[in-house]
Amino acid sequence: MKKRYINFFCVLLLSVHSCLPVKSQAIASTQPKESTANTLAIPKQILKTGVSLTTSTLAPNTIQLANNIGLIPLLERIRNLRSKVDSNDGSITIETLSARQDLWEAIQKAILVIQKTDLDIDFTMAEIGAEHQVYCEILATYTNDRDKAIARTNAISFISNGALWAVTEALAIPTYKNAKFAIPSGIIGIPAGVVPSIASLWTLKQLNGKKKTSEVEPNMLAKLFGYPTTADIEYPRSIWEYLNQVPADDPRGKKRLDQLVDRWVADSNMPSFTDRHSKKQLDILTASVSRRKGLSIGTLTARSVMLQQLSAEIMKMKRMLLELTMTVQGEKQLTASEPNSVPHIGMQGVP
């Protein structure tokens with residue numbers, strides 16, 4: 001009888017240990033994955049602006065942005081008018097007053113263009129921030145529920161283990177007088193060891209937390225992957241052009257958006273995103289299509305990280321806007337543009 005119970009519980013334990021890992025591996029193998037997926041353990045910054053506040057030159061990316069927002073003609077006009085005003089010998093003439101007035105108007109127009117672009121950034125950040133707040137709130141709830149479930153499982157494991165072993169040892173005390181107590185002692189001792197083992201395996205499953213059907217409320221990631229958008233998640237033209245351009249100083253020829261997605265795929269902190277072409281993954285991450293068991297701690301974490309980095313890269317535009325503002329104020333100088341090329345900066349100032 002004792003041997004039969006021992007065999008039964010041993011088979012049960014081995015079955016649980018062997019089946020769960022196989023199942024998890026089978027599920028993992030069905031997930032689409034790029035060759036670079038989750039290979040970056042320690043992420044680093046990308047898309048450096050190249051802006052320096054200690055030089056009289058403009059960064060190539062700053063000039064690129066100035067072209068995007070239509071600021072180059074105004075900067076050239078400001079340069080020419082400022083040169084004309086500065087060359088005056090101090091006499092007050094109609095031409096001098098007219099040049100000063102034109103310079104003031106040109107500066108005001110340039111400031112308005114810069115301010116509009118700055119508000120484009122704030123407009124985008126406002127929506128990203130609102131979405132990130134919602135995901136963080138849901139993520140906190142899911143994480144808290146997960147922690148409580150694991151705590152309950154551990155409590156059941158510890159309590160049952162202690163109680164069963166107490167009974168086992170209690171039956172084993174008079175064994176030298178009553179050998180028949182050795183049988184129930186051994187039988188109870190088996191589940192005393194099996195129950196904690198099964199509970200430990202169950203906690204591995206609980207680590208992922210609960211999973212619910214993903215919602216249909218497209219976020220700011222939707223347009224990045226070609227999904228339909230609404231008025232709330234549209235990007236201003238200046239922001240969208242910035243993301244879809246190759247950085248001016250990038251020899252690889254990859255658009256900023258592509259480099260951003262490359263970074264997300266490679267980031268090992270986001271195991272839920274491994275393939276930019278996986279419709280299932282993108283449906284869930286963009287919240288565009290409802291998917292069964294799509295909303296989980298993993299997907300919420302990936303959404304939050306992606307939105308945070310997207311906002312960080314867009315905010316770098318403000319560094320370039322500061323440099324353009326310095327140019328408007330005369331702290332940095334823009335040379336005349338060459339035919340069919342991006343304007344370049346002279347180290348010695350205006351000729």
* Asked: Alpha carbon centre of the range 220-266 versus the range 82-134: separation in Å?
  -> 27 Å
* Could you work out the local net charge near residue 237, counting Lys and Arg as +1, Asp and Glu as -1, over the other residues with Cβ closer than 12 Å to its Cβ? => -2
* Extension gain residue 136-residue 230, at 0.36 nm per residue separation less the Cα-Cα distance, in nm? -> 31.6 nm
* Net lengthening on full extension, residue 72/residue 55 (0.36 nm per residue, minus Cα-Cα) -> 4.2 nm
* **Sequence ranges 292-300, 111-119, ranked by mean other-Cβ count within 10 angstrom, highest first** => 292-300, 111-119
* Whole-Hz couplings from phi, Karplus 6.51/-1.76/1.60, listed for the range 256-273; x for Gly and Pro -> 4, 4, 5, 5, 5, 5, 4, 5, 5, 5, 6, 5, 6, 7, 10, x, 7, 10
* Amide H of residue 227: which non-local residues (sequence gap of 5 or more, or other chain) have their own amide H closer than 5 Å, using H built in the peptide plane? -> none
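Using 1/(1 + (r/R0)^6) with R0 = 51 angstrom and r between the beta carbons of residue 331 and residue 152, what's the FRET efficiency to the nearest 0.05?
Between residue 331 and residue 152 the formula returns 0.20.
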* Rank by packing, highest mean first: peptides 320-331, 98-109, with packing defined as the count of other Cβ atoms within 10 Å averaged across residues. => 320-331, 98-109
* Structure fact -> Residue-ordered couplings for the range 303-310, obtained by feeding phi - 60° into the Karplus form 6.51 cos²θ - 1.76 cosθ + 1.60 and rounding to whole Hz (Gly and Pro as x), are 4, 4, 5, 5, 5, 5, 6, 4
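Readers should treat all values here as calculations from the given coordinates under stated rules, not as data from a laboratory. Everything quoted here is computed from the prediction, not taken from an experiment. Heads up, the Cβs are rebuilt from the backbone with ideal geometry, glycines too, and the neighbour counts pull from every protein chain shown.
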